1. In segment A:112-144, what count of residues is obtained for those that are of a type outside the set (Gly, Ala, Ser), touching a helix residue (DSSP H, G or I) at 6+ places or on another chain (Cβ under 6 Å) and either assigned to a strand (DSSP E or B) or facing chain B (nearest Cβ under 10 Å) (or both)?
2. Between residues in segment B:207-227 that are within 7 Å of chain A (Cβ to nearest Cβ) and over 30 Å from A:Val286 (Cα atoms) and residues that are among the polar types (S, T, N, Q) and crowded, with 17+ Cβ neighbours inside 10 Å, which pairs lie under 7 Å by C-beta distance while being six or more apart or on different chains?
3. Name, by its number, the condition in (1) touching an Asp or Glu at 6+ places or on another chain (Cβ under 6 Å); (2) at pLDDT 95 or above that does not hold for A:Gly12.
4. Condition check: at the interface with chain A (Cβ under 10 Å from one of its Cβ atoms) and either touching a Cys at 6+ places or on another chain (Cβ under 9 Å) or under 22 Å from B:Ala65 (Cβ atoms) (or both). Does B:Thr15 satisfy that?
5. Just to be sure I understand, how many residues within segment A:79-100 are in contact with a Pro (Cβ under 9 Å, 6 or more places away or on another chain), at the interface with chain B (Cβ under 9 Å from one of its Cβ atoms) and not aromatic (Phe, Trp, Tyr)?
6. Which of the residues spanning segment A:37-78 are within 14 Å of chain B (Cβ to nearest Cβ), in contact (Cβ under 8 Å) with a residue 40 or more places away in the chain and out of contact with any helix residue (DSSP H, G or I) (no Cβ under 9 Å at 6 or more places or on another chain)?
7. In this structure, does B:Ser210 turn out to be small (Gly, Ala, Ser) and either surrounded by 19 or more Cβ atoms within 10 Å (Cβ to Cβ) or part of a strand (DSSP E or B) (or both)?
8. If a residue must be more than 7 Å from every other protein chain (Cβ to nearest Cβ), of a type in the set (A, V, I, L, M, F, W, C) and surrounded by fewer than 24 Cβ atoms within 10 Å (Cβ to Cβ), how many such residues does segment B:109-143 contain?
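The values are calculated or read from the model by the stated rules, or taken from the named source; none is laboratory data. Values in this document were obtained by computation on a predicted structure and should not be read as measured data. Cβ: placed from backbone, ideal geometry, glycine included. Neighbour counts: every protein chain shown.
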Amino acid sequence: MSVLVYVEHAEGKFRKSAFEVVSYAKAIADQLSTGLTAVVIGNGDKAELEKLGTYGASTVLFTGNTQLSSFVNQAYASLLAEAAAKADAAIVVMTNSFSGKGLAPRLAARLGAGLVAGAVALPETGDRKFTVKRSAFSGKAFSFVTLLSDKKVITLNPNAYPATENAVTPAIEEFSPAVKESDLGTLVKEIIRASGKVSLPEAELVVSAGRGLKGPENWGMIEDLANALGAATACSKPVSDAGWRPHEEHVGQTGIAVSPNLYIAIGISGAIQHLAGVSSSKTIVVINKDPEAPFFKVADYGIVGDAFEIVPKLTEAIKAYKGI
Amino acid sequence: MKILVCMSNVPDTTTKITFTSDHKQFNAAGVQFILNPYDELALARAIELTEGGKGTVTVIHVGEASSDPTIRKALAIGADDAVRIDSPAIDAFFTASQVAAYAKDKGFDLVLTGRESIDHNGAQVPAMIGELLGIPSVSIIKKLVIDGTTGILEREIEGGKEIVHVPLPFIASCAEGVAEPKIPNMRGIMSARTKPLSVVTVTEAPVLTSIEKYETPVPRGAVKMVAADDVAKLVGLLHTEAKVI
């Protein structure tokens with residue numbers, strides 16, 4: 001019995017969430033006194049694969065099969081099921097990313113495994129139970145889910161578990177089982193990535209703005225602040241509904257839930273639906289001209305005042321602090 | 001085109017979430033339940049794709065009779081008929097098994113769901129249905145066009161998007177961008193009362209997970225206010241106290 005971790009990459013490079021999920025899976029393997037095997041699809045760069053050893057993967061399986069170079073969840077699920085069998089893995093772990101949300105349920109159904117989606121802590125394994133804490137009710141609560149099946153699949157939320165060095169020299173093995181034609185129905189025609197933008201679900205720092213900005217033409221100062229910090233930009237629902245910003249920036253109950261180290265909310269009143277999506281942020285800063293804005297009640301730091309005056313000054317202060 | 005739309009019945013987005021005193025159950029007392037907002041988007045797109053006699057939309061729900069008003073809402077919005085599998089939705093695999101058992105011999109061209117329910121946020125059921133039916137599944141799409149027998153979808157990824165082509169039949173889970181939610185008109189509300197809502201007995205399926213308990217997040221300490229003309233102080237606090245920059 002071992003633990004298997006599926007590790008995503010973007011164009012051959014691992015992101016921070018990749019090292020987080022390997023660290024998390026390593027900690028589970030340690031809890032169960034067993035080994036950790038990592039699986040990487042579509043990336044054969046040895047130097048990059050060796051980085052997974054730094055976080056505790058003792059074996060790294062990779063496939064360079066070009067049929068799998070873009071994400072096809074049926075084929076990926078088949079490959080992971082075979083890798084799990086090869087590694088005799090009872091537990092498969094991956095990131096609760098956009099692709100993970102498509103892949104993990106498919107794999108779990110294939111394996112007859114229970115799935116915990118969006119884990120935020122290590123399993124509790126006492127009492128012959130295997131229980132995992134996860135985020136629920138769009139961040140308004142946590143649920144503790146017991147997996148009743150022998151095989152288990154867990155997806156880990158980004159920013160929920162720190163990347164932890166645990167260096168081993170990994171055995172790197174190519175693993176390329178034949179791909180079934182019937183698994184290749186989905187065809188990725190094009191991948192479009194906004195260059196230089198920080199990905200919101202994984203961002204450590206987020207600058208978010210709401211209707212208080214009065215119009216889309218005023219977002220320049222939000223982007224300036226985000227650039228100075230190296231932060232992702234986000235917005236409230238009314239802003240994306242009005243078409244001021246794209247839907248993928250909408251943070252809240254019906255948008256993206258984020259848990260960055262720092263969430264700066266500018267001109268957002270703090271409706272319960274918005275708070276749901278940001279409540280697990282480590283530190284929250286609220287800038288609002290209305291001292292009665294409900295957001296102040298759940299903030300760590302607050303400034304009452306005009307965003308149009310404060311935000312440019314804050315950007316300058318950040319630049320001064322960083323020496324840029 | 002025959003479309004099946006999966007829907008769940010969830011607490012209204014303004015609900016303050018509380019639990020029973022043993023922390024084992026969601027406290028539904030006084031809570032307004034609604035059609036899951038993401039499922040509304042799936043339903044709206046399904047109606048757009050079948051408008052003008054181009055097909056039918058069936059909604060399916062796994063739940064008890066207490067969900068019927070929400071199912072009627074989906075019929076009022078424009079679904080042609082509805083199916084309720086008469087059982088609590090015990091867990092994701094159980095729920096997916098019910099939908100798959102119903103759908104497998106009905107010849108649906110397309111199955112749509114919301115990206116996740118806003119109560120459990122598992123986002124598990126859609127891809128599980130895909131696996132159980134042996135059809136492609138695409139999770140979290142922002143656009144859906146049908147061109148002949150091919151679906152042309154836009155799927156969200158970290159920091160961007162993918163354009164994906166998928167042959168019918170397939171299942172996709174819908175996020176914002178797929179469609180605007182539709183508000184039922186008076187004619188829809190009247191006709192919803194007489195549209196067919198069939199109640200189907202549950203199919204046996206394994207239960208793979210159970211919820212031990214719930215917790216609510218620990219409240220934060222009191223907010224620390226900084227003067228509007230002293231933003232440098234905020235930067236200092238973020239560095240030395242919060243240690244986030």
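1. Counting residues in segment A:112-144 that are of a type outside the set (Gly, Ala, Ser), touching a helix residue (DSSP H, G or I) at 6+ places or on another chain (Cβ under 6 Å) and either assigned to a strand (DSSP E or B) or facing chain B (nearest Cβ under 10 Å) (or both) gives 2.
2. B:Leu208/A:Ser149; B:Thr209/A:Thr146; B:Ser210/A:Thr146; B:Ile211/A:Ser143; B:Glu212/A:Thr131; B:Glu212/A:Thr146
3. Unmet condition: (2).
4. Working: at the interface with chain A (Cβ under 10 Å from one of its Cβ atoms): yes; either touching a Cys at 6+ places or on another chain (Cβ under 9 Å) or under 22 Å from B:Ala65 (Cβ atoms) (or both): yes.
In short, yes.
5. 2
6. A:Ser70
7. Values: small (Gly, Ala, Ser): yes; either surrounded by 19 or more Cβ atoms within 10 Å (Cβ to Cβ) or part of a strand (DSSP E or B) (or both): yes.
Against the criterion (small (Gly, Ala, Ser) and either surrounded by 19 or more Cβ atoms within 10 Å (Cβ to Cβ) or part of a strand (DSSP E or B) (or both)), B:Ser210 qualifies.
8. 2
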